[in-house]
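The structure appears right after this line, and notes come after that.
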Amino acid sequence: MGSDFYQSMILPHAGIIIKICRAYTNSQEDFEDYYQEVCLQIWRSNDRFNQQCEWSTWVYKISLNVCLTYLKKTCNHHQIFASDALPAGAQQEVANFHDSSIEQLYTAIRQLSEVDRAVILLYLEEKSYQQIADIIGTNFNNIGVRIGRIKQRLNKILNRQES
Amino acid sequence: MSKSIESIWKEGFVDDNALIAPRINQLYQQKSKNIVDKLIRTIGYNLIGLIIGAMVIFMGLTFVGAPILGVILGIMIFALVVIGKRQVRQLELLDKDDNSYHYLKSFDGWLKGFIATYTAIYRYFYPAVFILCVTRFGFSDIGRSIISGLAKDYPAIPQLFGIPVVFPVGVIIVAFSLAYFAAAIYRLDMNSLYGRQFAKLDELIKDMEAIQE
């Protein structure tokens, strides 16, 4: 990958990639692997970008597709899926955000299913229901209901964390 | 909880540029580890394994005096490699920037097609290999002496061209069984290699379809 491409096409959107990768990883090492994989796939499929959507939307799509399909083998050869419970101590490892509230929110998001994570991340990034439906590839009608349920679940988890 | 999740998010990411991106080191050389690349890689290894297997079988059979059988089996295995290569090439056409559901569905479709193709092939491949090996064995010195010994010891068994009929009947039964169980054998083989990925893929697709209901 040329550094020009990284600087001009990926780095301005690194925030999106970081936010998504954080939601699908439980450790700094995994996070860096996911981040690199997303960047690699963005670069590889750059030729197919046909400008039918915004570049940022395209970055979202690739980031989510990579995170949804990425499998990481741990040292003991057990495969950890992003939907697995956060291992003890992992929170410390991924605590890269200065704000503790956002860290708590991430911990809660990681307890959702992989698809719910994608939906809520897009919602929090203020994507419209239509954009969320387009990126995920689902019906626009049910997105609102799904988001409502996810938010309820997140609030429950956050309340549990606080108490 | 005092703040809404929306405000936590907004306040947590006031400035996206403040987020620190990991350093990218030799990205192009990094191994791709996502499910698709991993599968392509595993299939690639399998194909290389088949080529090595074909060579070993050819050399082994030539060494024991059955070069023609070695050539035939080698060609058959090589045909499996060519078909596998073609299938993998199709996989590379998958559109990664498609929406998540379509992407996973098209990958799942490819996988099902791949399995169906090989299941159909193995339905003929397993019995063919078995029949070829048994036939060659029947024409070998040991095979001939076993068959003629049996024909002599059990004259009551009906014979076909001097061969006790239990032999061809047995071969036919085993060949049909192999054809019948080819799909199950292949499924077992695939599940042992890719079972976890298949389960994850199914789970994701079902979850996405649940949103649509």
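Bear in mind these aren't lab numbers, they're just calculated from the coordinates by the rules spelled out. Keep in mind that what you see is a predicted model, and the values were worked out from it rather than measured. Every residue, glycine among them, receives a Cβ derived from its backbone with ideal geometry; neighbour counts consider all protein chains shown.
For residue A:5 and residue B:184, what does the FRET efficiency come to when R0 = 56 Å and r is the distance between their Cβ atoms, rounded to the nearest 0.05? Show your work: numbers first, answer last.
Working: r = 48 Å, r/R0 = 0.86.
Once the sixth-power term is evaluated, E becomes 0.70.
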Worksheet item: How large is ³J(HN,Hα) for each residue in the stretch B:174-188, as worked out from phi by the Karplus curve 6.51 cos²θ - 1.76 cosθ + 1.60 (θ = phi - 60°), to whole Hz, x for Gly and Pro?
Response: 5, 4, 5, 4, 4, 5, 5, 8, 4, 5, 5, 5, 5, 4, 4
Worksheet entry | Approximate spin-label separation residue A:128-residue B:203, in nm, with each point projected 7 Å along Cα-to-Cβ | 3.4 nm
Response to the item:
Among GluC sites (Glu not before Pro) in the stretch A:1-62, those in a DSSP loop whose Cβ has at most 12 other Cβ atoms within 10 Å are A:54
Discussion item. Can you list residues from other chains, or at least 5 along the same chain, whose modelled amide H is less than 5 Å from the amide H of residue A:49?
Written reply: none
